[in-house]
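Beneath this line is the structure, given in structure tokens, with notes to follow.
Every number in this text was worked out from the coordinates using simple rules, so none of it is lab data. Just so it is clear, the structure is predicted and the values come from calculations on it, not from any experiment. Cβ sites come from the backbone with ideal geometry, for glycine too, and all protein chains shown count toward neighbours.
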Amino acid sequence: MDAVLTQLEEAASVQLTACTSEERRPAEAKILQFRSQSQPYELCCLILNQSSNDFLLYEAGRCLSHAVVREWTEVFLPSINDGDNSKATQLLAFLLNWASQRGQQVSAASRQRVLGAAGALVKRAAAAHAEEVATAWRSNNTEMNTTQRRLARMRVLISPPDDPGPPCPILLRLIEHIERLIQPVVQGGMDIDLTKEVR
């Protein structure tokens, strides 16, 4: 895997510094091959942990964004209800930890692209959860006639069901992470001495 990382770093450097299109073409082919790779999660995590090439970090974030959407049903959906053990939750935790640890050491474009991958993961998980809740609600209301079913479908799309069920686990994970990030800021704001008089 380290050899692949080295090849990708070289290709990224060549792509940015090459003077002619003949020099650039093989590097572009290597990057395109990386982008279209199936299940690139391990390699992308390795790149994010070990590489300092901003272009390659950007491409890893891009690759993750596309792979999450493209491979949701095969890779993430089967384990989505496993809580912290689900692949989606583990990948989200990795991306958020990476952003808090290394996010300031890389370019803004690379950081945004990697966080875009986290966003794609959260959006896809939320959509899958909403679909699951709507399906469960519809299956509980099977004794309706055609008009009632049509209205029920519209109602599910317009307003939430009476009992939405448990919240989306990956959204809870994101909210917990954000709470941990802002907790020092909130606590720091509480150090203000409120006993002083305003004159």
**Study point:** J(HN,Hα) series, the stretch 19-27, from Karplus relation 6.51 cos²θ - 1.76 cosθ + 1.60, nearest Hz, glycine and proline x
**Key:** 8, 10, 5, 5, 6, 6, 4, x, 5
Point to revise | C-alpha center-to-center spacing [the stretch 3-28, the stretch 81-125] in angstrom | key: 26 Å
Practice item. Net charge near Ala18: determine it from the other residues with C-beta under 12 Å of the C-beta of Ala18, scoring Lys and Arg +1 and Asp and Glu -1. Key: -2
